[in-house]
1. If the requirement is being open to solvent by less than 10 Å² (accessible area, probe 1.4 Å) and either in contact with a Cys (Cβ under 7 Å, 6 or more places away or on another chain) or within 12 Å of chain A (Cβ to nearest Cβ) (or both), which of these qualifies: B:PHE165, B:PHE215?
2. I'm told B:LYS97 meets every condition in (1) modelled with pLDDT under 90; (2) assigned to a helix (DSSP H, G or I); (3) more than 14 Å from chain A (Cβ to nearest Cβ) except one. Can you identify the failing condition by its number?
3. Are any of the residues in the stretch B:178-196 more than 10 Å from chain A (Cβ to nearest Cβ), under 18 Å from B:HIS264 (Cα atoms) and among the hydrophobic types (A, V, I, L, M, F, W, C)?
4. Do we find that B:GLU325 is of a type outside the set (Ser, Thr, Tyr), modelled with pLDDT under 85 and touching a strand residue (DSSP E or B) at 6+ places or on another chain (Cβ under 6 Å) in this structure?
5. State whether the residues of the stretch A:136-147 include one that is within 19 Å of the chain's Cα centre (by Cα), open to solvent by less than 70 Å² (accessible area, probe 1.4 Å) and farther than 19 Å from A:ARG172 by Cβ.
6. Looking at (1) at pLDDT below 85; (2) over 27 Å from B:ASP154 (Cα atoms); (3) touching a helix residue (DSSP H, G or I) at 6+ places or on another chain (Cβ under 9 Å), which is the only condition B:THR290 fails?
7. Go through the stretch B:63-83 and report how many residues are within 14 Å of chain A (Cβ to nearest Cβ), open to solvent by less than 70 Å² (accessible area, probe 1.4 Å) and not basic (Lys, Arg).
8. Residues that are touching a residue at least 12 places away in the same chain (Cβ under 8 Å) and assigned to a strand (DSSP E or B): does the stretch B:119-130 have at least one?
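The values are calculated or read from the model by the stated rules, or taken from the named source; none is laboratory data. Remember, predicted model here, so these are calculated numbers, not experimental data. So basically every Cβ, Gly included, is an ideal-geometry build from the backbone, and we count neighbours across all protein chains shown. Accessible surface is based on the protein model in full, side chains and every heavy atom, while ligands, DNA and RNA are left aside. Shrake-Rupley method; radii C 1.70, N 1.55, O 1.52, S 1.80 Å.
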Amino acid sequence: MPDMTELEVFDKFVQIVAKSLRIDDTSQIALDTHLTDLGAESLDLIEITMETETQFHIFLPDKSILETAVEVFGPGILEKDGYLTEEGKRLLLCRMPEADARSFEGEVVVKDLQHYFLKVGTWVRMIQALVQFTPAECAFCGGPMAPSMGFRMKCAKCGVEITLRSGEEINREWVREYYDKEYRQQTGAPVSAAAVH
Amino acid sequence: MDAFDRMVYDSSVTPAWRPAGRPAGPRAESVCSRLDAFPCEPAVLADLILSPGEREHWNAMPGVEKRRHEWLLGRAAAKEAVRMLLEEKLDLVLSPKEIEIAPDAYGRPRVKYCGAGIHACGGSPDPPSLSIAHSQGTAVALAVLNSCALVGIDLESLTRRREDFEAIAFSPDERRLLAALPPDSRQEWALRMWCAKEAVGKALGRGLSAGLQAFHITRADTASGMIEVELRDGALKQFPQLQGTSLAVSTAREPNFVFSAIIHQQGAVRMRPSRQEILDYLLQKMGELTQDWDYPDPVSPESKLFTELGFESLDAVVLCTAIQEHYQTPMPFAELLAEIGQQQRDLSIDELTDFVNTHLGGPQGADATRRVQ
């Protein structure tokens, strides 16, 4: 399903959330709703994650984009003493252009960002970005791809199997590219060990 | 049970759990409370129990009604636990409004006294440690007098749950622990293990933010319901002083819920108590637990927990947790309770004393062990 619109993803995601949290009136769920405000607890989030993966045929990342970025950049660059640095804000705004720039004004406590990552809209855009990596058609014979065991897809026609790319791997790739194009060239920082590997 | 089985049994429940000289903390003075329904209209309850600061939060709280109601129910349970604890242990009588519960920087609930009541009592004691959990219209709270104790409580509903949640929630080692359990109890124990992690995360005050794998389950004892959790990676970085410490979490299940609780306090080595001391402690604890229950006769060693004292399963869990915390020793209570359930008989405080004495390595051990087998 590589070409789902935001609305299509939203509608499907709302059904998953409503079923998991047993919400009858789905009009309560909007793009700027936070999952925790709907009563989601950690176990619900796991369930929503798994159901989303099953229904969209994607492999969601375990870590937030910031956590992955901190691994690539190394400590002290994107966050320091629990606060987001200017560099960290720049990365997040580049990654999430829809983010409200005002929410990154002044001091931003890293753990408060958790709230942002739990917004329905953040999930919808993440899902929309990831479904592009799930092929609808077999690259070899053009036959329709169907979900197989684990994070795999199988061609219904020729039987070839592919493994879905994990969201974390895709995030890491994005961060490395950002590091090279946006960060290193501007700051003249050395090639980070994590970034080259 | 033949001798070999007994040896296997004993080694599984006693020495490995309780290495000689295991450090034990000072006794946990705690109160656990539970609410399964609103005692009155939520808006009325809010009026009755919330401090001005809490009211402001309640009025501005975003989210669906279900979430607001569970928050309020959790606050009600927590205030009740703190109020009873202060009254019982410190003779301090406060109204729920004078006990304000506000989250700290990490979201852990912290007790703050407010209003005039506390000053009228001449000096304010350190606020108790507190943990709150709610799910599906039920709220529980655990308050502990020691303000430095690490306290965590959790409950999860047993209804629905994708069975494959284990794959995300647990490491391969933990899944091996689960795989070794009887298949019909696997789902329950997966949830108990999850609850145990949650309780530890709450006790440390950072939730599971260090990642699920940072709370590693090293042992799950189906006989006692005890689950041991060790910190790793991110969680160990946050709490280096807990390196090499096994955190013992009590768990229990009811038809619809799984509960978990941990009270962790550092302290000195404790001597093994005599049978009389155990009996005295149990009588005192029973007195505390049941003081408002209005019995025609005083609680005595012969009193039977369920028929005479009106115990329900959660009461038994609270008592068992308190005993295990008090003696810093896990004991196979779940097995004991299951056994008396099967035989459809009751348990007297005397028998309970024997049971505890056995599992603390007391001399009357052999008899008591036979009795519960």
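1. B:PHE215
2. If we test B:LYS97 against (1) modelled with pLDDT under 90; (2) assigned to a helix (DSSP H, G or I); (3) more than 14 Å from chain A (Cβ to nearest Cβ), just (1) comes out false.
3. The answer is yes, given that some residue of the stretch B:178-196 is more than 10 Å from chain A (Cβ to nearest Cβ), under 18 Å from B:HIS264 (Cα atoms) and among the hydrophobic types (A, V, I, L, M, F, W, C).
4. yes
5. Checked against the condition, which is being within 19 Å of the chain's Cα centre (by Cα), open to solvent by less than 70 Å² (accessible area, probe 1.4 Å) and farther than 19 Å from A:ARG172 by Cβ, the stretch A:136-147 yields no hits at all.
6. Single failed check for B:THR290: (2).
7. 8
8. Yes, because at least one residue in the stretch B:119-130 is touching a residue at least 12 places away in the same chain (Cβ under 8 Å) and assigned to a strand (DSSP E or B).
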